[in-house]
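Okay, structure first, notes after.
The values are calculated or read from the model by the stated rules, or taken from the named source; none is laboratory data. As the structure is a computational prediction, the values presented were derived from the model and not from experiment. For neighbour counting, all protein chains shown are included, and Cβ atoms are generated from backbone atoms with ideal geometry for every residue, glycine included.
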Amino acid sequence: MMFPLDAKRRLTGQAFIDELVNVFREHGEDLGDSPSIEVSYVRYKPGTSCLFGLDISGVEGKFHRGYIKIFESGDPEECFRKYSGRAKEGGWAHLFDGARAVYFNFPLDRSVRGLPFLVSVNHLKHRIHESVESYSPSTIRIRAKKSSLEILRYKPERRCIVSARLCTRDARNGEPGEFKLVAQAYAGVDGARTYSMMRHIASYTGNASFRIPKPLGYDSENRILFQEFVNGRDLYEDLLGPGGTTAAGQVALALKDLQALPVPNCEEKTVSDYILHAKFLAKDLISVGESLNGAPDEIVRMLDKQSAAMGPMPPTIIHGDCHYHQFIRSEDDIVMIDWDESRVGPPLADAGNFLAHIHMIELDGRLSAEMARSLRSAFLESYPIAGKSESQLAFFVALHLFYLSLVPFRNLRTGWRNDVENILNCTSGLLESTKEKGAV
């Protein structure tokens, strides 16, 4: 149960830091005598492994990133042998003898094979020329020496996202130019599905209350998706400010318009799929929390019972990961971003997810109970439902709040157990209310 917590303490302890300094020195890098190590990302699979993303600040402010994977089962030596010979662009692997752990220095990654292209403009420009139709070398040439890259997000063995500021020269008339795009490298084939869905949505949103980043191209060989860079601010800032109710209403309108779009012929996510995920999550909760108050298995039984009573729902396009950080206010536009989890599925799933995140920031103390109620009311005013749909929406709010219950543990918060229990108790309360009046 305490494995990730103990591991995090070891990773930030002096003994590990000293060992890592020596490892970097062996690879020609000087971290200095007292580098700073921050854990930037955690992924724990009970009984299998725990992965930590590490941000390392060394001498003269020089920054390094990488990740360490600690194995509870499996063979770390075999993992090291398989990947240690694949060093590119400064990436390398190191086996920690006796610790059942392998460190991967960025950009070496076991799964994100397109990552090396995202750290070099010289490499990336060729992928853009081949994958983005409007920037072929016969029309717009990218000038690598004057261009730059910035890593926006990196989840080891999952994906990496960079913004690229690219200086160009028109091959036809010599005119200089500049543009920005976002490049996202995937571990699996999700990028192809995401690109297809984005193209479908973009073709229908001309008159909608929202837009999405323009999909620019997809490099199938290296699993890299290219899309428009969107300037703006996170809508989360608006939700917590004086304009919070207006922002909540705008999200509701965007979801209504999204669900009104023609449904493509693609993979459908059913209510049964959601319940199956909840059952796996309950096992993880029991594994990490042992005798947690809130009874995750009982919550799953209630979810399963209520889902069986809901009846069929005509599927619509769903964002799949709908919360306040997925909306950007860009000038007069609301832009929905991050379409990796988009599917065809239950129409109330996105609304339930958004409202569950409002409950989360209320439980975290970032939002007063009064303001949270105001945001939920403003959302529902622009997303009107009636009758049976009220209980269906309440079901999806409770379901997605249950999905979020492991967040405090995954973030290794101090006092995570109490936070997890508060989320589970809130979920149970919502499910009890659903029986009576469909409260959200």
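Given the criteria under 30 Å from F106 (Cα atoms) and outside the structural domain of A254 (by TED's automatic domain parsing), does A185 qualify? Working first, answer last.
Values: under 30 Å from F106 (Cα atoms): yes; outside the structural domain of A254 (by TED's automatic domain parsing): yes.
Spelling it out, A185 is indeed under 30 Å from F106 (Cα atoms) and outside the structural domain of A254 (by TED's automatic domain parsing).
For segment 289-325, what are the residues that are farther than 15 Å from Y403 by Cβ, in contact (Cβ under 8 Å) with a residue 24 or more places away in the chain and either part of a helix (DSSP H, G or I) or within 24 Å of the chain's Cα centre (by Cα) (or both)?
Once the filter is applied, which keeps residues that are farther than 15 Å from Y403 by Cβ, in contact (Cβ under 8 Å) with a residue 24 or more places away in the chain and either part of a helix (DSSP H, G or I) or within 24 Å of the chain's Cα centre (by Cα) (or both), segment 289-325 yields G289, E298, Q306, P315, T316, I317, Y324, H325.
Checking the conditions here, which among I142, I128 is of a type outside the set (S, T, Y) and either without any contact (Cβ under 8 Å) to a residue 60 or more places away in the chain or in contact with a strand residue (DSSP E or B) (Cβ under 6 Å, 6 or more places away or on another chain) (or both)?
On the way: I128 fails: either without any contact (Cβ under 8 Å) to a residue 60 or more places away in the chain or in contact with a strand residue (DSSP E or B) (Cβ under 6 Å, 6 or more places away or on another chain) (or both).
So the residue among I142, I128 that is of a type outside the set (S, T, Y) and either without any contact (Cβ under 8 Å) to a residue 60 or more places away in the chain or in contact with a strand residue (DSSP E or B) (Cβ under 6 Å, 6 or more places away or on another chain) (or both) is I142.
Considering only residues that are over 18 Å from L20 (Cβ atoms) and among the hydroxyl-bearing types (S, T, Y), look in segment 31-71 and name the one that is surrounded by the most Cβ atoms within 10 Å (Cβ to Cβ).
The residue in question is Y44.
Quick one: what pairs do we get from segment 414-425, first residue more than 18 Å from H357 (Cβ to Cβ), second at pLDDT 90 or above, C-beta under 7 Å, 6+ apart or different chains?
Partner pairs satisfying both residue conditions: W416/P408.
Per-residue answers, yes or no, for (1) farther than 17 Å from Q326 by Cα; (2) aliphatic (A, V, I, L, M); (3) in contact with an Asp or Glu (Cβ under 9 Å, 6 or more places away or on another chain):
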{"residue": "G206", "(1), (2), (3)": "yes, no, no"}
{"residue": "G217", "(1), (2), (3)": "yes, no, yes"}
{"residue": "Y236", "(1), (2), (3)": "no, no, no"}
{"residue": "L239", "(1), (2), (3)": "no, yes, no"}
{"residue": "A252", "(1), (2), (3)": "no, yes, yes"}
{"residue": "C266", "(1), (2), (3)": "yes, no, no"}
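Restricting attention to segment 338-361, does a residue exist that is among the β-branched types (V, I, T), farther than 29 Å from I286 by Cβ and not assigned by TED's automatic domain parsing to the domain that holds F210? So that I can check it myself, show each step before the final result.
If we filter segment 338-361 for residues that are among the β-branched types (V, I, T), which is where we start, we get 344, 358, 361.
Adding the requirement that they be farther than 29 Å from I286 by Cβ leaves 344.
Right, trim to not assigned by TED's automatic domain parsing to the domain that holds F210 and you get 344.
Looking through segment 338-361, at least one residue is among the β-branched types (V, I, T), farther than 29 Å from I286 by Cβ and not assigned by TED's automatic domain parsing to the domain that holds F210.
Every residue in segment 114-140 that is modelled with pLDDT under 90 and either under 21 Å from V189 (Cβ atoms) or in contact with a helix residue (DSSP H, G or I) (Cβ under 8 Å, 6 or more places away or on another chain) (or both), please.
Restricting attention to segment 114-140, the residues satisfying the condition of being modelled with pLDDT under 90 are 133-140.
Of everything in segment 114-140, those that are modelled with pLDDT under 90 and either under 21 Å from V189 (Cβ atoms) or in contact with a helix residue (DSSP H, G or I) (Cβ under 8 Å, 6 or more places away or on another chain) (or both) turn out to be Y135, S136, P137, I140.
From the set of residues in segment 22-39 that are over 12 Å from H64 (Cα atoms) and touching a Leu at 6+ places or on another chain (Cβ under 8 Å), which is modelled with the highest pLDDT?
Taking segment 22-39 and keeping what is over 12 Å from H64 (Cα atoms), we get 22-23, 25-28, 32-34, 39.
Those left that are additionally touching a Leu at 6+ places or on another chain (Cβ under 8 Å): 25, 39.
Numbers: R25: 91, V39: 88.
Applying the filter and picking the extreme gives R25.
Restricting attention to segment 305-351, which residues are among the polar types (S, T, N, Q) and either in contact with a His (Cβ under 7 Å, 6 or more places away or on another chain) or at pLDDT below 95 (or both)?
Q306, S307, Q326, S330, S342 - these are the residues of segment 305-351 that are among the polar types (S, T, N, Q) and either in contact with a His (Cβ under 7 Å, 6 or more places away or on another chain) or at pLDDT below 95 (or both).
Only residues that are out of contact with any strand residue (DSSP E or B) (no Cβ under 8 Å at 6 or more places or on another chain) and under 30 Å from G241 (Cβ atoms): list them for segment 287-321, please. Give the derivation first.
Taking segment 287-321 and keeping what is out of contact with any strand residue (DSSP E or B) (no Cβ under 8 Å at 6 or more places or on another chain), we get 287, 289-314, 321.
D321, the sole residue that qualifies.
Are any residues in segment 11-30 exposed (fewer than 13 other Cβ atoms within 10 Å of the Cβ) and closer than 17 Å to D55 by Cβ, and if so, which ones?
Within segment 11-30, G13 is the sole residue that qualifies.
Please tell me if L404 is aliphatic (A, V, I, L, M) and more than 20 Å from the chain's Cα centre (by Cα). Break it down into steps so the answer makes sense when it comes.
Working: aliphatic (A, V, I, L, M): yes; more than 20 Å from the chain's Cα centre (by Cα): no.
It is false that L404 is aliphatic (A, V, I, L, M) and more than 20 Å from the chain's Cα centre (by Cα).
Kindly establish whether G249 is touching a strand residue (DSSP E or B) at 6+ places or on another chain (Cβ under 6 Å), surrounded by 15 or more Cβ atoms within 10 Å (Cβ to Cβ) and not in a loop (DSSP other than H, G, I, E, B).
No; evaluated as a whole, the condition is false for this residue.
Return only the number of the condition from (1) in a helix (DSSP H, G or I); (2) in contact with a strand residue (DSSP E or B) (Cβ under 7 Å, 6 or more places away or on another chain); (3) modelled with pLDDT under 90; (4) not β-branched (V, I, T) that C79 does not satisfy.
Of (1) in a helix (DSSP H, G or I); (2) in contact with a strand residue (DSSP E or B) (Cβ under 7 Å, 6 or more places away or on another chain); (3) modelled with pLDDT under 90; (4) not β-branched (V, I, T), only one is false for C79: (3).
Among the residues of segment 127-161, write down those that are under 27 Å from the mean Cα position of the chain (by Cα), buried (at least 16 other Cβ atoms within 10 Å of the Cβ) and basic (K, R).
Passing the criteria: R127, K155, R158, R159.
Quickly run through segment 183-192 and pick out the residues that are crowded, with 19+ Cβ neighbours inside 10 Å and not polar (S, T, N, Q).
A183, A185, Y186, A187, G191
Looking only at strands (runs of 3 or more DSSP E) that fall completely inside segment 7-76, which ones have 2 or more residues that are farther than 19 Å from F106 by Cα?
Working: elements: 36-45, 49-57, 63-71.
The strands (runs of 3 or more DSSP E) meeting that bar are 36-45.
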